[in-house]
1. Return the only residue of ILE171, ILE159 being among the β-branched types (Val, Ile, Thr) and modelled with pLDDT of 90 or more.
2. Counting only residues that are over 19 Å from PHE203 (Cα atoms) and either assigned by TED's automatic domain parsing to the domain that holds ASP84 or at pLDDT below 90 (or both), which one in the range 229-259 is surrounded by the fewest Cβ atoms within 10 Å (Cβ to Cβ)?
3. Which residues, taken from the range 23-60, are under 18 Å from ILE159 (Cβ atoms), out of contact with any Pro (no Cβ under 6 Å at 6 or more places or on another chain) and charged (D, E, K, R)?
4. Hey, among the residues in the range 79-96 that are aliphatic (A, V, I, L, M) and touching a helix residue (DSSP H, G or I) at 6+ places or on another chain (Cβ under 9 Å), which one's nearest to ALA183 (Cα to Cα)?
5. Got a sec? Which of THR32, THR20, THR54 is hydroxyl-bearing (Ser, Thr, Tyr) and either outside the structural domain of ALA138 (by TED's automatic domain parsing) or buried (at least 16 other Cβ atoms within 10 Å of the Cβ) (or both)?
Amino acid sequence: MIWPAEDLWLAMVARHPSLTVEVLPQIDSTNTELMRRARAGQTEPVLLVAETQTAGRGRLGRPWHGEVGHALTFSLGLMLKPVDWSGLSLAVGLSLARSLDPQGDLGVRLKWPNDLWVKRPSIDTGWGKLAGILIETALPLGVTHDGDLGRYCVVGVGINIAPPAMDGLSIAPLGLQDLVHGATAPQTLLQVAEPLLATLLAFERAGFAPLQNAFNARDALLNLPVTLSDGRSGVAHGVDATGALLVTTARGPEIISSSEVSVRPV
């Protein structure tokens with residue numbers, strides 16, 4: 001598979017002159033690798049792409065496997081020092097959705113806090129999962145608190161390219177090829193990587209608040225009945241300026257800010 005590494009670097013280096021691009025044929029997990037490097041003191045900005053992941057990870061430790069050509073799996077790592085980290089996964093999701101579906105014609109929507117879903121009437125649940133996001137951070141070696149340096153932030157992205165198998169998942173997965181004929185992993189990476197870097201740098205400066213309305217415009221759960229993994233249920237009403245999910249339950253309006261709480265439409 002031919003990857004546009006030089007084109008990617010040329011597109012991204014203007015925003016971050018010290019950034020490098022690496023493409024590996026196989027690795028356990030791009031996120032795991034960049035976190036290993038960070039803990040060893042390597043905190044240079046890098047876009048790390050894997051053709052195959054043998055131990056990819058999603059949210060809450062769920063496995064994410066990427067076969068050659070079937071999925072795009074990459075991690076973007078760089079030092080960040082935002083005033084508030086809240087809403088970062090939502091900002092990343094919005095960047096991906098805008099890159100993959102600029103006008104919203106393909107039906108790509110954002111499922112709080114870190115998935116891209118597509119409305120598919122042909123699927124029993126009505127939704128198909130296109131992509132997922134995993135964000136991890138680490139302090140530089142020898143640093144015990146954020147201080148003036150910030151943290152090394154690793155943004156992991158997995159996008160289904162070919163239609164994947166259901167494999168007992170509660171939300172059926174789908175591939176970008178279901179939406180865009182002839183879509184490939186290298187082409188998709190070139191489409192999403194530079195805007196993602198721009199989003200991270202903008203988030204560092206201004207946080208999530210400027211993106212609140214844009215996120216809510218693509219919110220897959222907006223005004224829908226939802227159930228929470230802790231047993232609560234209610235109606236979702238978008239997110240606030242920090243990226244927290246707003247849900248009206250039997251107890252009244254509630255703010256869901258913990259990403260450890262799973263939310264599903266009824």
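1. So the residue among ILE171, ILE159 that is among the β-branched types (Val, Ile, Thr) and modelled with pLDDT of 90 or more is ILE159.
2. Out of the qualifying residues, it is GLY231.
3. ARG57, ARG59
4. We begin by selecting, within the range 79-96, every residue aliphatic (A, V, I, L, M); these are 79-80, 83, 88, 90-92, 94, 96.
Pick out the ones that are also touching a helix residue (DSSP H, G or I) at 6+ places or on another chain (Cβ under 9 Å) and you get 80, 83, 88, 90-92, 94, 96.
On the way: LEU80: 32, VAL83: 37, LEU88: 27, LEU90: 24, ALA91: 24, VAL92: 21, LEU94: 20, LEU96: 15 Å.
Filtering the range 79-96 for residues that are aliphatic (A, V, I, L, M) and touching a helix residue (DSSP H, G or I) at 6+ places or on another chain (Cβ under 9 Å), the one nearest to ALA183 (Cα to Cα) comes out as LEU96.
5. Numbers: THR20 fails: either outside the structural domain of ALA138 (by TED's automatic domain parsing) or buried (at least 16 other Cβ atoms within 10 Å of the Cβ) (or both); THR54 fails: either outside the structural domain of ALA138 (by TED's automatic domain parsing) or buried (at least 16 other Cβ atoms within 10 Å of the Cβ) (or both).
Within the list THR32, THR20, THR54, the selection yields THR32.
Condition check ((1) of a type in the set (S, T, N, Q); (2) modelled with pLDDT of 95 or more; (3) surrounded by 18 or more Cβ atoms within 10 Å (Cβ to Cβ); (4) closer than 27 Å to ILE27 by Cβ) across all residues:
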{"residue": "TYR152", "(1), (2), (3), (4)": "no, yes, yes, yes"}
{"residue": "LEU176", "(1), (2), (3), (4)": "no, yes, yes, yes"}
{"residue": "VAL180", "(1), (2), (3), (4)": "no, yes, no, yes"}
{"residue": "GLN187", "(1), (2), (3), (4)": "yes, yes, no, yes"}
{"residue": "VAL192", "(1), (2), (3), (4)": "no, yes, yes, yes"}
{"residue": "ALA198", "(1), (2), (3), (4)": "no, yes, no, yes"}
{"residue": "LEU201", "(1), (2), (3), (4)": "no, yes, no, yes"}
{"residue": "ALA209", "(1), (2), (3), (4)": "no, yes, no, no"}
{"residue": "THR227", "(1), (2), (3), (4)": "yes, no, no, no"}
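The values are calculated or read from the model by the stated rules, or taken from the named source; none is laboratory data. Keep in mind the model is a prediction, meaning the values are calculated, not measured. Positions of Cβ are generated from backbone atoms using ideal geometry, with glycine treated the same way; all protein chains shown enter the neighbour counts.
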